[in-house]
Amino acid sequence: MPIVHDTFRDLLGLVGLALKTFAWAALLTAVGYGLLMALFAYYMADDGSILPGIIAVVLSLVVTTVFAVFVAVRLTIARTFYQAVKQFGIGRKVFNSLFDIMLGITDENPAGSSAMTQALHGVSRDELKSRLTAAGEQLLRSERIESALPSLVRWLMRKIQAAIIWTVVKVVIIQAALISDGPEIDLIEIRDKLTNVIDDQIVGLIYRNAPRTIMSIGAAVTLGIWLMASGIHNVATWWATADFSVTVP
């Protein structure tokens, strides 16, 4: 039984790369960034007693562990996606599969539907997005990763599969807006112009998006830990100096 259907069959050869990337990215982020933030949280929460620092460290480790998983998933998707594009031209395969769906091409009807082909010669920008989204959802349903895989591997590969499809859809929408200035877009013309460059466009988008997303989320996490530790410090300081004695008149 094949692990995936035709469009994503080559991903089978990248399962080991995906798992290795996920493990190392999660470990390095959790140990490196996690320990650094734990020390930072302890320092910020310290009020002269050990309890506030311990609370801040525990909360910090919980947050950075979640962030480590996020980083591992993002880097695994980006690296595996990049290799799939460079080695197997997966972007072009998905691109062609999306157009096959929109053209009504199936095993039973390899020539496609003439009516569907004609309908692609002039579509609005909203209709372009709607048609590509519908084709992406159909491709995702029809070529799901087989359930025989271990749960973690299946989950990772499905994430990568979905990322490939929606990145291709995004690139087509962006490029269509650049290629066509008018109110209507000829999708057949778009296909002709993008077929040989779609993989390069996808790789460029991967390089821009993955580091930018990780850095922005990382900055937000760092700010959140600083606010959390400062809040613990302030509460501990208030508690230590508060006068809870009751004055009896």
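The values are calculated or read from the model by the stated rules, or taken from the named source; none is laboratory data. Everything numeric here is computed off the predicted structure, so don't read it as measured data. We place every Cβ from the backbone using ideal geometry, glycine too, and count neighbours over all the protein chains shown. Heads up: the accessible areas ignore ligands, DNA and RNA and are worked out on the full protein's heavy atoms, side chains in. Shrake-Rupley method; radii C 1.70, N 1.55, O 1.52, S 1.80 Å.
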Unsatisfied cross-links (Cα-Cα over 19 Å) in the set K93/K159; K129/K170; K20/K170; K20/K159 = K20/K170
Sticking with the crude label model, points 7 Å out along Cα→Cβ, report the distance from R125 to R9 in nm, one decimal please.
-> 3.9 nm
For K93 the rounded accessible area (nearest 10 Å², probe 1.4 Å, non-protein molecules ignored) is 80 Å²
So for the range 184-234, using the alpha carbon gyration tensor with a ≥ b ≥ c as root eigenvalues (a/c under 1.5 gives rounded; past that, a/b versus b/c decides prolate or oblate), I'd call it prolate
Would you grab the residues whose amide H sits under 5 Å from the one on I185? Only those 5+ places off in sequence or on another chain, please, with H modelled 1.01 Å from N.
-> V123, S124
